[in-house]
Amino acid sequence: MKQPLTCLALALSLLEIEVGTVAPPPNILPVNQNVPPPETPPPALEEEVPLRSRTTTLPPRLDFEGPGLFGPQTGLGLPTCLLCVCISTSVYCDDVDLEYVPPLPKDTTYFYARFNKIKRVGGNDFLNLNKLKRIDLTGNHITELHEDAFLKLPALQELLLAENKIRSLPELPVTMRYIDARNNQLLSAGIRPEAFKGLTQLEFLYLSYNRLDFIPIPLPESLRSFHIQHNNIQTMHKETFCNHHDTTHQRRALEDIRLDGNPINLSHYPQAYFCLPRLPTGRMQ
């Protein structure tokens, strides 16, 4: 009987050792107890950089009620600066079959509309163009110029109307320096009495190849070049160029006078030239 008891004791001792080596189970909390979440370290603080304020730039807006980017609208459905060529304050409308003066930008200084089909210049065609200095309408079909067509242009200096069908000239502003009305159908009755007297800045006056019967007088002292050749001038007043009552009168500026192509014989009026620096060009026999 001793042997079985010894085996039993040995088994119990081994069991005791095995049980002692096993780690105790973790403490299990009741189900209804709140478990605090694990603590997480706070994030590292970063220095805040203030953003620059942005200025909002609005896109450019086209004014469809105003003159527009390409100038005012014309009767052909195109703005003036698309129908013509606008460079700075100059407008070029040469040879584009215009039948009237197109509306121009307000800052226009030089206007060219040569070799078109314009027949008339109205009283409002150049209205409020206070910077306009030069108008060139050479080579059109103009037969009529309104009386106020150019008078209200305070800066106008040069007017070119050559190669048209004009019979009369309207009143012009006192700022004129250059007038070219060659190759028209101008009549002496179409030029007002003393039409050029008040143009005290006028330097160039070209009236050749018209139907004038006499020289329009008085001519301003500022005149440097006067062409009236190929008209119907038959006689001349002795004070056309010089003051007959003042023998010391001199017109040093007036060096270019052309009367050739007229029926007048210049040799019949020797006292008419004493104040001039040189004799007029024309028939002397």
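The values are calculated or read from the model by the stated rules, or taken from the named source; none is laboratory data. No experiment lies behind these values; they were computed from the predicted model shown. Every residue, glycine as well, gets a Cβ built from its backbone with ideal geometry; the counts of neighbours run over all protein chains shown. Accessible surface is based on the protein model in full, side chains and every heavy atom, while ligands, DNA and RNA are left aside. Shrake-Rupley method; radii C 1.70, N 1.55, O 1.52, S 1.80 Å.
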### Query
What are the pairs, 6+ residues apart or on separate chains, where a residue within region 248-274 that is within 10 Å of Met284 (Cα to Cα) has its Cβ under 9 Å from a residue that is open to solvent by less than 60 Å² (accessible area, probe 1.4 Å) and small (Gly, Ala, Ser)?
Asp260/Gly282; Ile264/Gly282; Asn265/Gly282; Leu266/Ala272; Leu266/Gly282
#### Entry: Residues satisfying the stated conditions in region 101-152, i.e. open to solvent by 20 Å² or more (accessible area, probe 1.4 Å), aromatic (Phe, Trp, Tyr) and touching a strand residue (DSSP E or B) at 6+ places or on another chain (Cβ under 7 Å)
Tyr110, Tyr112
### Task
Could you please find all residues in region 233-285 being of a type in the set (Ser, Thr, Tyr) and under 42 Å from the mean Cα position of the chain (by Cα)?
Thr240, Thr281
### Query
Scanning region 71-86 for residues that are more than 20 Å from Leu156 (Cβ to Cβ) and either modelled with pLDDT of 95 or more or hydroxyl-bearing (Ser, Thr, Tyr) (or both), which turns out most open to solvent (accessible area, probe 1.4 Å)?
Val85
### Message
Any residue in region 186-199 that is over 13 Å from Ile215 (Cβ atoms) sitting within a Cβ distance under 7 Å of a residue that is among the β-branched types (Val, Ile, Thr) and part of a loop (DSSP other than H, G, I, E, B)? List the pairs, counting only those 6 or more apart or interchain.
### Response
Gly198/Val174; Leu199/Val174
### Message
Here is a list: Asn231, Asn262, Asn210, Asn183. Which entry is within 25 Å of Ala162 (Cβ to Cβ) and open to solvent by 60 Å² or more (accessible area, probe 1.4 Å)?
### Response
Asn183
### Query
Taking region 234-252, which residues are open to solvent by less than 70 Å² (accessible area, probe 1.4 Å) and among the hydroxyl-bearing types (Ser, Thr, Tyr)?
Thr240
### Query
Here are some residues: Leu219, Leu212, Leu202, Leu207. Which one is touching a Pro at 6+ places or on another chain (Cβ under 6 Å) and either charged (D, E, K, R) or without any contact (Cβ under 8 Å) to a residue 40 or more places away in the chain (or both)?
Leu202
